[in-house]
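Report on one structure; see the data block that follows.
The values are calculated or read from the model by the stated rules, or taken from the named source; none is laboratory data. Nothing here was measured: the structure is a model prediction, and the numbers come from that model. Here the Cβ is made from the backbone with ideal geometry for all residues, glycine too, and neighbour counts use every protein chain on show. Just so you know, the surface numbers come from the protein's heavy atoms only, side chains and all, with ligands and any DNA or RNA stripped out. Shrake-Rupley method; radii C 1.70, N 1.55, O 1.52, S 1.80 Å.
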Amino acid sequence: QVQLVESGGGLVQPGESLRLSCAASGIIFSVYNMRWYRQAPGTQREWVATITDRSNTIYADSVKGRFTISRDNAKNTLYLQMFSLKPEDTAVYYCKADIGLSEYWGQGTQVTVSS
């Protein structure tokens, strides 16, 4: 059974940092492309960042320079380090694993940026 479990969300003030984690089980983690998405209330889910199986990274313009995606294949874990958080970063953050036509989603973790 495939499981992706996000953690690390919470309430922070503008300018602060958070690190999200996504622990994977039931897949050969190292061969999957891993991605972070987010969904704010009343909006569509949007892509945030990707790290490929070869650890190439790509970012949405809205987070470029502030967020860093990384992976630890030995721990089957994906990370999203978020710096200089803004109120508009408030959303539920989801991780996704995909390879070919197969994809798996986590249940999400809430990030709230507010003073």
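Accessible surface computed residue by residue for the chain, with neighbouring protein chains in place and a 1.4 Å probe, gives 53 Å² per residue. Carbon-plus-sulfur accessible fraction, the chain (probe radius 1.4 Å, protein heavy atoms only): 47%. Rounded to the nearest 0.05, the FRET efficiency derived from the C-beta distance between LEU101 and ASP61 at R0 = 25 Å is 0.35. Within the shell defined by Cβ-Cβ distances under 13 Å, the residues around GLU16 carry a net charge of +2, with Lys and Arg each +1 and Asp and Glu each -1. Exposed loop sites here are trypsin sites (Lys or Arg not before Pro) assigned a DSSP state other than H, G, I, E or B and surrounded by at most 12 other beta carbons within 10 Å; excluding them, the longest clear run of the chain is 1-53. Here the dipole of the chain is about 140 debye; that uses its Cα centre as origin and unit charges on the Cβ of Lys and Arg (positive) and Asp and Glu (negative). Counting heavy atoms of the protein chains alone, ILE69 has an accessible area of about 10 Å² for a 1.4 Å probe. Other residues lying with their Cβ under 12 Å from the Cβ of ARG45 contribute a combined charge of +2, Lys and Arg counting +1, Asp and Glu -1.
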